[in-house]
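I have placed the structure first, in the form of C-alpha cells, so that the comments after it can refer back to it.
The values are calculated or read from the model by the stated rules, or taken from the named source; none is laboratory data. Computed from a predicted model, the values in this text were never measured in an experiment. Using ideal geometry, Cβ is built from the backbone for each residue, glycine included, and neighbour counts are taken over all protein chains shown.
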C-alpha cells in the first residue's frame, strides 16, 4: 500500500492538502451536482476503460502469452476511455455554462 511506503510527514501533508482543497472547492461551488459531474467524468472513464487497458498491458508485459489482437483491444479501450473522459468533461463544463 502506498501510505506504508511514504514517510509519515509527506503522507499527512498530502492528505491535509487534499482535504483542504475539497473544503475550499465546496465553499466556492453552489451546486454539488457540478462536482459530481466532474468526478464521474474521470471515475467512469478510468474504472471502465483506462485502468483495465493499462493493467492488461502491464500483465501481458510481465507474464507474456498475449495475442496481438488483445493488445489492439487494450489500446482501443484506452482511447475510448480518453474520449469518454473528454465528453464527460465537456458535459460538466456545459452544465456550468448553462447553469448560470
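Couple of notes before you dig in:
- Any pair with Cβ under 6 angstrom, 6 or more apart, that starts in region 11-40 at a residue that is assigned by TED's automatic domain parsing to the domain that holds residue 87 and ends at one that is modelled with pLDDT of 85 or more and in a helix (DSSP H, G or I): 37/92; 38/92
- Taken over region 1-56, the criterion of being surrounded by 14 or more Cβ atoms within 10 Å (Cβ to Cβ) and over 18 Å from the mean Cα position of the chain (by Cα) is satisfied by 11 alone.
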